[in-house]
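A.B. asks: Below is the structure I would like to discuss, written out as structure tokens.
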Amino acid sequence: MTTLQASTQFKQPQKRIFDSQTTSYFQHSLAIQRVRHYLKKYILCMTGRPIPKPNYTPHFTTTKCVVALLDTLFRLFQETPPLQGPRRYGNLADRTWHDKKHTSIRGLIETILKGSKAQTMIKDQVGLLDELQYYIENAFGSKIRLDFGTGHELSFMAFIASLDMLQLWEGECEGDEPLDQGKFSTDLIFIWNKYYHLVKSLILTYNLEPAGSHGVWGLDDHFHLVYIWGASQWIEQEDLIAPRDLVSRQQCDFYKDENFFSQAISFICHVKTGPFREHSPILNNILTTVRSWKKIQRGLLRMYDDEVLNKFPVVQHFWFGSGFFPWVDVRSGKELPIFEGSPESQEQDQEQKEARHLNSFVSMAGNSNGIVDFSSTTTVPPTTTAFSTAGATTSMSHPLSGARTMGPPSMRNVNRFLPMDPTRDRLRRRE
């Protein structure tokens, strides 16, 4: 079990994934290990348990506070109607809702922590709130892009896992009494059901775009975890309903209040028209060819690992703090490399750039006594251009003295698939 110490330091989460290389570093980070740990934990909680009724009363105060947070956000949504008029992309009223959410969310998080051991044990309360706020704020789509996808769904799981790391539910048990897993599991399912209800309302009302969708070649335009939860709920219950039965919309609508898988397919059929096998061929293939919910769950889990946790377009928006999901190598315990784009690397790059600029100026204009001689700086060095086909640097003079030639920067192989043509470039310059 992952637990946090009183001395754990927190900080505002920062972007660490910039390309495929940093995505590969993420695969052996402490952050992804914790994501996988809690994913498996919550799968066990979901196994064999239906969605509670709408009038269900949570057993734990923490659950009630999380539900109150989601209910408050839903009320703010109801107070923010969509803007009228035809729009090709998402409705701009969604940004107004995000602003309202941002104003209220910090106080709602403090309510969840109020009176808990985490509030008195953790010394860095400001950093703690910063990390929690980042994950919950990014769980409802992008304010800028007006979209929603599996990365936002992952962010909500990170928020729930963060509360779990703080042992908020265990802290409500009296003395050394262990946590009742049955009550916790039912509360957890109730929280996720509330979350999906809010998110689907946002998608339908504000016409949120799918984030990183593969179209018909993807599992779903917006979700993935919901199918893992739903398959887990029906494990070893093939006598009640077989996977093939969910191809029927009537069956989906019948079970949508009890099961996440059925609920998700019912939502697809609501927003899409045409035969199910045409607009959702991947889901159709899974349901018609696999007979066991256990096999479906395992396959979806492997797909989640490949298509979500190991895909740069998705995980680039998953940021890292220092408490809950740190950018640390799980094997060595050392911080993973930081590349371009992060504040640390930008500061280092600026310092190196200034140093190189100063050294270059002194080497060109200075003399042995260290005195700068400006008369020696009048000569313009020849401009060079690198050609990928030759793999070498060729000097080219430009008609305009001192002007830079067209093409990529010097000594850089910008596009090795489209080699430059010097003759073509000279013709362009004459035009």
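The values are calculated or read from the model by the stated rules, or taken from the named source; none is laboratory data. Computed from a prediction, not measured in an experiment: that's the story for all the values here. So basically every Cβ, Gly included, is an ideal-geometry build from the backbone, and we count neighbours across all protein chains shown. The protein model used for the area step is the full one, side chains on, heavy atoms only, and it has no ligands, DNA or RNA in it. Shrake-Rupley method; radii C 1.70, N 1.55, O 1.52, S 1.80 Å.
A.B. asks: Hey, what's the stretch 95-137 come to in accessible area per residue, 1.4 Å probe, Å²?
C.D. replies: Each residue of the stretch 95-137 exposes 47 Å² on average to a 1.4 Å probe.
A.B. asks: Can you list residues from other chains, or at least 5 along the same chain, whose modelled amide H is less than 5 Å from the amide H of E209?
C.D. replies: G90, D147, F148
A.B. asks: Looking at the P(r) of the stretch 26-93, how many percent of alpha-carbon pairs lie beyond 16 Å?
C.D. replies: On the way: 1664 of 2278 pairs.
Value for the stretch 26-93: 73 percent of Cα pairs lie more than 16 Å apart.
A.B. asks: A follow-up question, please. What are the residues whose amide H is under 5 Å from the amide H of S29, where those residues sit 5 or more places off or on another chain and H is modelled from the backbone?
C.D. replies: Close amide H contacts, sequence-distant or interchain: V330.
A.B. asks: Round to a whole number: what % of the accessible area of the stretch 193-270 belongs to carbon and sulfur, probe 1.4 Å? Walk me through the intermediate numbers first.
C.D. replies: Numbers: 1510 of 3150 Å².
In the stretch 193-270, the share of accessible area belonging to carbon and sulfur is 48 percent.
A.B. asks: Let me know the charge dipole size of the stretch 107-178 about its Cα centre in debye, to the nearest 20, where only the beta-carbon of Lys, Arg (+1) and Asp, Glu (-1) is charged.
C.D. replies: On the way: 5 positive and 13 negative charges, 79 e Å.
For this selection, approximately 380 debye.
A.B. asks: Running Debye on the stretch 242-304 with equal point scatterers at the Cα sites and no solvent, what base-10 log of I(q)/I(0) appears at q = 0.26, 0.29 Å⁻¹?
C.D. replies: Listed by q, the Debye log ratios stand at -1.24, -1.39.
A.B. asks: Rounded, prolate or oblate for the stretch 98-237? Axes are the square roots of the Cα gyration tensor eigenvalues, ordered a ≥ b ≥ c, and the cut-off for rounded is a/c under 1.5.
C.D. replies: Here the stretch 98-237 falls in the oblate category.
A.B. asks: Restricting things to alpha carbons, tell me how big the stretch 1-149 is in terms of Rg and Dmax, in Å.
C.D. replies: Every Cα atom of the stretch 1-149 included, Rg and Dmax give 18.3, 53 Å.
A.B. asks: Further question: For the stretch 165-264, what is the convex hull volume of its Cα atoms per residue in Å³?
C.D. replies: Considering the Cα atoms of the stretch 165-264, their hull volume per residue is 152 Å³.
A.B. asks: Please report the orientation-averaged projected area of the stretch 256-344, defined via the convex hull of its C-alpha atoms, in nm².
C.D. replies: Working: hull surface 38.3 nm².
Directional mean of the projected Cα hull area for the stretch 256-344 stands at 9.6 nm².
A.B. asks: Something else: How are the alpha carbon pair distances in the stretch 58-105 distributed across 5 Å bins from zero to the largest one, expressed in percent?
C.D. replies: All Cα pairs, binned at 5 Å, distribute as 5, 20, 22, 17, 14, 10, 6, 4, 2 percent.
A.B. asks: Then there's this: Taking a ≥ b ≥ c as the square roots of the eigenvalues of the Cα gyration tensor of the stretch 90-160, is the shape rounded (a/c under 1.5), prolate (a/b larger than b/c) or oblate? Let's see the in-between values first.
C.D. replies: Values: a/c = 3.12, a/b = 1.96, b/c = 1.59.
Prolate.
A.B. asks: Under a 1.4 Å probe, what is the accessible area of the stretch 183-339 per residue, stated in Å²?
C.D. replies: 44 Å²
A.B. asks: To continue, here is another question. Which of the residue pairs K272/K294; K15/K194; K143/K194; K11/K194; K41/K194; K100/K123 have a Cα-Cα distance greater than 23 Å in the structure shown?
C.D. replies: On the way: K272/K294 28 Å; K15/K194 29 Å; K143/K194 21 Å; K11/K194 29 Å; K41/K194 20 Å; K100/K123 29 Å.
Where the Cα-Cα span goes over 23 Å, the pairs concerned are K272/K294; K15/K194; K11/K194; K100/K123.
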